[in-house]
Structures are given as C-alpha cells and as structure tokens.
C-alpha cells in the first residue's frame, strides 16, 4: 500500500474516530467527554474535505466542513456550560452522578 | 512527507488528550490536535477552512475549555469507566479495523472532474437552508448558554458553591 | 408587496412568541400588551393580504436541491384561512387579557398562542407538502402545550397528551402522503398533483388520498378520532375558542378541500369522506343532547359542525364547506368566548348549576343567543345560509340517505342549542350568587364576533369569487350574494331543513312534555354519554402508546458509556454486514 495523500488522510480520520470512541467508552468526566466529541468532529471535518476532493466537488465538501466547525463550536460551548452547571448543582463532574436526574 | 508528519502529530496529540490525567493538559493537547488538523486542511487545499479551524477550533474552543475548567476546578479524572478496559479496547479496535477494511481500498483514485462553482457560491447560493439553520443553531447556542449561566442565582447553593465566581 | 404581508403574517406571531418568551413574566400588563400588539398586527397583515388572494401569487424560497423549493402560494383558500386564524386568534388574545388576568406563567401561554397562530398561517399558505407537514406538527405541539397549560392538573395533562397522540396518528397519514408524492414526482409541490392527478399511479393516489383523510379526521376530530376534542376542554377557554374556531380543527377541513380535485376521482374516497362527516355530525349531535358541561356541549357541536363541512367536501360542495367554515369560526368563537365569560363569573362549567344568568349578564346573553341562532341555522344568521348550501350540495347526485341523516342532524342541532341556552340563561336562578358581566377586553372581543355572525353571509359573492378565481383546478361554480340568497330561498329543500330545525327548536322548548320519549331513548342517551364506545377505543390507543413508551425506558439507563456502547454495537453490525456482503 502506497502512502498517498488520501490514504494518509483516511488513516487520520479512522485513527481520530477510534480514539474518540475509546474515550467515550471509558471516560466519566463530563469535560473529557466534550474533548472526545471534539476529536471525533475533527475526524468528520477531515473526512468531508477528503470526500469532496475525491468526488471532484471540493467546494461542497469544504462548505460542509465549515458548517461542521460551527456546529462543533456550539456543541463545545453548550457542553461546557452544561458541565459548569452540573458541577455547580450536583457537585461533581462524574457522569454517573447525573443519573440522579432520572426519575 | 509533510502529510505523514502531520498525521502522526494529530494522532499523538489526540491520544495524549485522552490519556492525560489533568483536564487542563488535556485541553492543551486538544488545541494541538486542532492546530495540526488545520495544517492538514491547508495541505489538502482548503486554506479558508484551515484558518477558520485554527482560529475557532484551536483558539476560541481552547479558551472556552480553560475557562470552564477554571470554573469547575480540577478534579481527579481517574474514575474508572463503567465498561471494562479490555472490552473497550476490543470494540474500538474492531471499529478501526472494520472502517479501515471498508474505506482504505479504492480510496486512491483520480477525482472525476466536475465543474463546480466557487466556494462562496456553493456556500451562499446552494446551501441556503443550511445557512439559515446554522444561524438558528448559533442563536440557540447563545440562548442555551445564557440560560445555563443565568440560573446561577437560583441554583441551590448547599452543594459546594464556588468561591469567587460570581 | 404581497410577499411582505405574507412574511409578516407568518413572521409576526412567531417573532412575538419569541420576544414574549424572552421577556418572560416580569410585568403582567406588558406581557398582555405585547401579545395583543403582535396578534393584532398579524391580523392586519393577513387582512392586507386578502386582496392579493385572487392573483394566485407563488413565492419560492430556494433551499437547495434535495427538498425542492419552499413554496408559498397566496390563493383564495390560503388567504381566507389565514385571515380567519389571525383575526379570530387576535380576538381570542384580546379576550385573554381579561380571562387570564392574574394567572401565572403568562409568557408561556402567549408564546404558545402566537406560535400556534403563526403555524396555522404557514400551514394554509404553503404549497410544499413537506413544509405543510412541518407546520401541521407545530399546530399539534402547540395544541398539546396549551390544552395542558395548567400542568398541575392531571386532567388537563391527560387531555393534552390525548390530543397529541391522536393527532400524531393522523400526522403519520399526512407524512405518508407527502413521502409518496415525493417518491413518484420527485417534488414536494402539491400543485402538480392538483393540476394532473394522473402523475401518481392509481394505487399510490388512493394511498395518498386515504392518508390525507386519516390526517384530516384526526386533526378535525372526526369519526373515529372524535374523542380528543371534548377532553381538550380542560384548556383555558380562549384556547378552546382558538382551537375550535381559528386554528387547529380547521386544518383538517382545509386539507380535504385543498386536495379535493386530486382525490375526487379516487374510487370510494368521496363516499368515505361523506360517511365520515355524517357519522361525526350525527354522533356528536346526540352526545351534545345529553352533556351537562357547557364547554363539552360546545365541543360536541364543533365536531358536529365540522362533520357538516367534511360531508360538504365529500359531496363536492367545496365552496359550501369553506363558507360554513367561515360562518362556524365566527359564531363558534363567539359562543366559546361568551361561554368563557359565563364560566369566568360563575366559576363552574356545569350547566345544571347555572340558570337565570340572563338577568345578570345581559350583554353576554344577547351575544350568546346570537351565536346559538347561527349555530342552529336560523334564517338571517350566517350559519343558516352556509348550512343550507351544504345541504343543497348534498342533494346533487349524492346518496339520499346521507342527506336525510344530515337534515336530521340539523334538527338535533337546534334541539341542543335551545337546551343549552335555556339551561344557562333562563329559568330559575340559584340564590346567593355574585355575578358580574363581561369585562372590557371581553366585550371588545365579543361584539365584533356578534356583528360578524349576523353579517358575514353578505360576503358569499366576493368570497366565492375569490375562491373560484384563484383555485382553477377546483372548478367551482359561484354566484353573487344575491344569487346565492335567491338560490337558497327558492330551493324547496331549504324549507324542509327549516321545518326540521323548527321541530327541533319546539321540541326542545317543550322538552319536559317529551320526557316519556326521553325515557324510551334512555339507552341511547347513556351510550352517548359514554361516547358510543369510541372513548374506550381511543383511550386504549393512548394508554398503549404510553405503556410502550414506559416499557422502552429500560433501554435508557442514562449512563453515557453504555449508551455509546450500544450505538457502537449497532455501527459494528452495520459495518460488518457492509464488509461481508455490501461491496
């Protein structure tokens, strides 16, 4: 297998996704969860740009990546604000403590 | 070559961001990942997206992380996950392998040449609904954060109130 | 210019909803004022949009390739229903200033009311079926939120959830129709279908047609979904007026009228629509005969009158049905708001505890009687003309037995109307009662409606023209007001119907003498009070949905790690199957 540019990029994408998934499976700290989500979204962004390149529709892919950046930032902002509130109300950043919110 | 170096850098940064025990260090590794992703985007021929990613992803979001970590305080992050470590490793590796098997072969092909309009036309002309929804999303995000932060006064204070935040 | 009014009509209520929601409950008067200002402004915009109705303007908002354009069409049907929704809606908002005085969480109330009005305006103005579904669901959501506005009252919450689940069932029908249309034509614009129904294969067209019938029946509380509307009476009374007269239930009739040209040729569709309308009209009228809750009687009468409209669409009388919709929305809003004034001052909804209120509330009595006369179809009031037009449409090449039953329902309507009026306003007054007549804001809302129920029939000619010119595919035959009057007066059927109405009227007046007949029919009365068993069926559906949801809670432990694990397992299965066989 030659390491061409698309190959390298797809490996980055898969690697980032795997890291994110592993993190989401094992992490219990809310802020760490936001970090994991950020990592996975980076993968999605790269994948979109790559897909645009492979389809000959670079600009479409890039504009979608731009949307992803916006959405991803909002997710980070709201996620972190939630974490701050959870810390304040529940007293911990542990995800398991949040199950008390369940009836 | 540069691609390869960036790739290794991105993955190392990402793994470090997850492995690191301290939140603030984790956030800094994430910033590193973001900056390298921006570089990779630039190398891929998307300089506009790259620069936005650099400023927003590596800049703004990192500031937010540092801010949030300051507000919540460092906390021991070595809580064990609910899922046993080996199971998590197996499942993640399985996902990586399957994705690799599916995606890597056949990716190395020539792009069909489709005449397509410039980025600004695609963005502002062809994806109007997305733009509207993006605006709504940003607006919702702002409202959400305002709502979350404004409940400060009404939040119960018996649970470990934070000093010096108000 | 029309584009401006169009966007203002939909946008103003939504903007108002947003602003009121953001402002919150800081100052009660300010919230009232904002709501009134925005709803009245929306009403004015809708009235200014009316003259453009004839031109049949089309506005398309391009949103990219996949969903087609978001199209809005300014035609007779759309502008008429928008005007009804916003004008009657704004009157309900004005009425609320008095009625909701001193209530908590007014911001939530008004935000949903305005969101509701805007959603209804959008629903009738769009010609994109997907967008229509979107607006359709907005009205369902708002009705749920408003019916259970008093969310500490279990009955109100149950009523809201019932309305939500049953109208959702109907929503599935509309969604299926929209998807089928898209699958076959590659576009969501239903005008293609109206102009040429043959673009869908006959089988698919039948599915779309019956899907829309189910959606309309659920939304308009028609047989067999009629039971959610009486339970929705737990809402504050202005909301009942809004749901019954201005927004929610009109959507179903609108849907049928809008798609009539496309579905008329589907085998059995017209008959199904007529029977659905007839059964709703008949069953609801019988239930109204025995109900003792003032608002429930009005709710049954709404179902019954909507049955008339649905029957008219099935019988081919699209104009008659829309004309009756206009009359109905005026007099029903009047009846509800007047009933609201009564309930507000008496403090109960039970008619057996009222009686003799006419002396204490002269204005309310006068307007209520006017609304009642219109409901009963007494000449000169608007309900008379539109109902006669419907009955006449029923005579044109349609089954005679359906017509006979509908005339019977007209008589029953007169019977229960008189019963209601006498029980509330006449007879012996209980002692020790402090009653005050309607407040100022209530009067502001009531008087225009009372005038309307006397005069809107004069609009028959212009209204017919508006519809006929802008709806070429409906092939409507319309006449001037004078010709309509002449047609109604000279038709022998009118006198037959009037005779039946008079019999109903008289027998209600002398209903003590009929007690023996009443006893003989006691079984029917009991069945009617139980909702003829449909109550049980509908409740079963609602309970089953809730039980299912409750059972599915097990799958939501609220632990992120396990949730991700489950998602990942599904992804792995997908990837594995792709890797093995897909490529």
Original post:
Once every DSSP H run of n ≥ 4 in chain C is given -39500 (n - 2.57) and the sum is divided by its residues, what mean residue ellipticity at 222 nm do you get, rounded to the nearest 500 deg cm²/dmol?
Top reply: -24000 deg cm²/dmol
Subject >> Inter-probe distance in nm under a simple model that places probes 7 Å from Cα toward Cβ, at residue B:94 and residue B:140 >> reply: 3.3
Original post:
Other chains near B:31-44: what is the mean number of their Cβ atoms within 10 Å of each residue's Cβ?
Top reply: 4
Original post:
Residues of region B:26-44 with amide nitrogen under 19 Å from the 7 Å Cα-to-Cβ point of residue B:108?
Top reply: B:44
**OP:** Please work out how much length the chain gains when fully extended from residue C:482 to residue C:577, using 0.36 nm per residue of separation minus the C-alpha to C-alpha distance, in nm with one decimal.
**Re:** 27.0 nm
Original post:
Once the Cα atoms of region C:343-453 are picked out, what are the Rg and Dmax in Å?
Top reply: 17.1, 58
Subject >> Residue mean of other protein chain beta carbons inside 10 Å, B:19-28 >> reply: 2
Original post:
If you stretched the chain out fully between residue C:444 and residue C:363, how much longer would it get, using 0.36 nm times the residue separation minus the C-alpha to C-alpha distance?
Top reply: 28.0 nm
Original post:
Which FRET efficiency value, to the nearest 0.05, do you get for residue C:451 and residue B:120 by plugging their Cβ-Cβ distance into 1/(1 + (r/R0)^6) with R0 = 45 Å?
Top reply: 0.20
**OP:** Quick one: P(r) of region A:5-101 from all Cα-Cα pairs, 5 Å bins, percents rounded to integers, in order of increasing distance.
**Re:** 2, 14, 18, 19, 16, 11, 8, 6, 4, 1, 0
Subject >> Cα centroid separation, region C:21-36 to region C:550-579 (Å) >> reply: 45
Original post:
With each label point set 7 Å from Cα along the Cα-Cβ vector, what nm distance links residue C:47 and residue C:551?
Top reply: 5.5
Subject >> Sequence of C:473, C:227, C:364 once ranked by neighbouring C-beta atoms within 10 Å, starting from the fewest >> reply: C:473, C:227, C:364
Original post:
How big is the Cα convex hull of the protein assembly as shown in projection, averaged over all directions, in nm²?
Top reply: 39.9
Original post:
What area, in nm² and to one decimal, does the C-alpha convex hull of region B:1-74 cast on average over all directions?
Top reply: 4.5
**OP:** Quantify how strongly other chains surround peptide B:82-89 by giving the mean number of their Cβ atoms within 10 Å of each of its Cβ atoms.
**Re:** 5
**OP:** Over all alpha-carbon pairs in chain C, figure out the percentage whose distance exceeds 37 Å.
**Re:** 31
Subject >> Modelled FRET efficiency - R0 30 Å, residue C:567 with residue B:149, Cβ distances, 0.05 increments >> reply: 0.50
Original post:
Calculated FRET efficiency, residue C:4 and residue C:408, Cβ-Cβ r, R0 51 Å, to nearest 0.05?
Top reply: 0.55
Subject >> Base-10 log of normalised Debye intensity for region C:541-582 (one unit scatterer per alpha-carbon) at q = 0.19, 0.32 Å⁻¹ >> reply: -0.70, -0.97
**OP:** For region C:174-314, state the semi-axes of the equivalent ellipsoid (square roots of 5 times the eigenvalues of the alpha-carbon gyration tensor), sorted largest first and rounded to whole angstrom.
**Re:** 31, 15, 10
**OP:** Distance from a point 7 Å along Cα→Cβ of residue C:153 to each backbone N in region C:212-233: keep the residues under 18 Å and list them by number.
**Re:** C:228-233
Original post:
Between region B:16-79 and region C:58-118, what is the C-alpha centre distance in whole Å?
Top reply: 44
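Read the figures in this text as sums done on the coordinates, not as results from a lab. These numbers come from a predicted model, not from an experiment. FYI the Cβ positions are ideal-geometry reconstructions off the backbone, even for glycines, and counts take in every protein chain you see.
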